[in-house]
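Quick notes on the structure that follows.
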Amino acid sequence: MVDKVKNKLSLKKVGIGLVIALFIISAMLSFSSGEKIAVLEIDGVIKNPKEYLDSIKDISEDSSIKGVIVRIDSPGGTVGSSQEIYDSLTKLSEKIPTTASIVDIGASGGYLIACGTSYIFANAGSITGSIGVISQYYDFSKLIKFLKFDIEVIKSGEMKDISSPTRSLNSKEKKLLNLLVNDIHNQFKRSVAERRGLTKDESNLVSDGRVFSGNQALELKLIDEIGGLEAAIMHIEKKTGIQNLDLEYYPIREEKLLDGIIPSIDNSAITNMLGKKLYYLYSPKF
């Protein structure tokens, strides 16, 4: 009788032990190491880099992030903003594996940002390239004359009101602005040539502002491979030697209560009309 009780207790212990063992094994199999890939999403026209720069800083300080995919769907934006994001990504690329994934469009400043990573993917039909600078100024002088308005200008220097919409540019001013645009264009060309390993002839061939499909860009060495997000994930996992990494998306945006109820005011038309900005931007309707 005592032996039977002992046997039952032993079987119970074995059963409990098996349950605990299975629980531990299951927990170990489902346990995530916390290691992940950051996916930095860059969408639309780039006007203010702060949100992206903050995200890159957060990514660089997070030791659990083993690689970065910059998911780009942007025609570019202002020169300074594009350059700041590019510079931050080149520094990040020295620390951890980075790759760009161009969705529909990664042109002009959007393409410059892609060059800040170590490897570029694009879809076969993605639009990319547009390596150039654009600056447009409005001239309302004929309208002002027609309306018989008088405008008094007091300025401290000959060029202080250059690009004012109240008068036309003179030949000297046009030459000066051309020099400015060409200098900024050369900065763009140098960055692309250095990051993509292009010769002078190869750089000149792709730097006249034209756009390319993903297939064309591959032939011209502007991208490394045809592929989308999944291909970019596999590339990072291969570089890190770690499989099944979790994805964490940036920028981390908080939903606001009134979003969608109160429409946002888009002042881009006012900015384009009155602002004196230079753009790394592909926009046929600019």
Could you please find all residues in region 72-93 being surrounded by 20 or more Cβ atoms within 10 Å (Cβ to Cβ) and either assigned to a strand (DSSP E or B) or of a type outside the set (A, V, I, L, M) (or both)? Ile72, Ser74, Pro75, Gly76, Gly77, Thr78, Ser81, Ser82, Gln83, Tyr86, Ser88
Please state which of the following conditions Ile223 fails to meet, knowing it meets all the rest: (1) within 30 Å of Val70 (Cα to Cα); (2) among the hydrophobic types (A, V, I, L, M, F, W, C); (3) assigned to a helix (DSSP H, G or I). (3)
Members of region 51-71 that are crowded, with 16+ Cβ neighbours inside 10 Å and not in a helix (DSSP H, G or I): Ile65, Lys66, Gly67, Val68, Ile69, Val70, Arg71
How about region 121-150: which of its residues are over 20 Å from His185 (Cα atoms) and small (Gly, Ala, Ser)? Ala122, Ala124, Gly125, Ser126, Ser141
Restricting to region 29-64, name every residue that is touching a Lys or Arg at 6+ places or on another chain (Cβ under 6 Å) and of a type in the set (Val, Ile, Thr). Val39
Number of positions in region 214-237 that are within 25 Å of Ile134 (Cβ to Cβ) and over 18 Å from the mean Cα position of the chain (by Cα): 3
Residues satisfying the stated conditions in region 176-224, i.e. charged (D, E, K, R) and under 20 Å from Tyr86 (Cα atoms): Asp183, Lys189, Arg190, Glu194, Arg195, Arg196, Lys221, Asp224
Against the conditions (1) of a type outside the set (Lys, Arg); (2) exposed (fewer than 15 other Cβ atoms within 10 Å of the Cβ); (3) closer than 30 Å to Leu229 by Cβ, where does Ser118 fall short? Just the number, please. (2)
First in region 139-153 and surrounded by fewer than 10 Cβ atoms within 10 Å (Cβ to Cβ), second anywhere and of a type in the set (Gly, Ala, Ser), Cβ under 8 Å, 6 or more apart: Val153/Ser164
For Ser130, which of the numbered conditions (1) under 30 Å from Glu35 (Cβ atoms); (2) in contact with a strand residue (DSSP E or B) (Cβ under 7 Å, 6 or more places away or on another chain); (3) of a type in the set (S, T, N, Q) fails to hold? (1)
From the list Ile134, Ile96, exactly one residue is of a type in the set (Val, Ile, Thr), surrounded by fewer than 24 Cβ atoms within 10 Å (Cβ to Cβ) and modelled with pLDDT under 95. Which is it? Ile134
Out of the helices (runs of 4 or more DSSP H) lying entirely within region 118-214, which hold 3 or more residues that are more than 27 Å from Val70 (Cβ to Cβ)? 141-146, 171-196
For residues that are of a type in the set (Gly, Ala, Ser) and in contact (Cβ under 8 Å) with a residue 12 or more places away in the chain, scanning just region 174-205, find the one that is farthest from Tyr280 (Cα to Cα). Gly197
Only listed residue being exposed (fewer than 13 other Cβ atoms within 10 Å of the Cβ) and not acidic (Asp, Glu), chosen from Gly228, Gly241: Gly241
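The values are calculated or read from the model by the stated rules, or taken from the named source; none is laboratory data. Small disclaimer: the values here were computed from a predicted structure and weren't measured. When we count neighbours, we look across all protein chains shown, and the Cβ atoms used for this are built from the backbone with ideal geometry, even at glycine.
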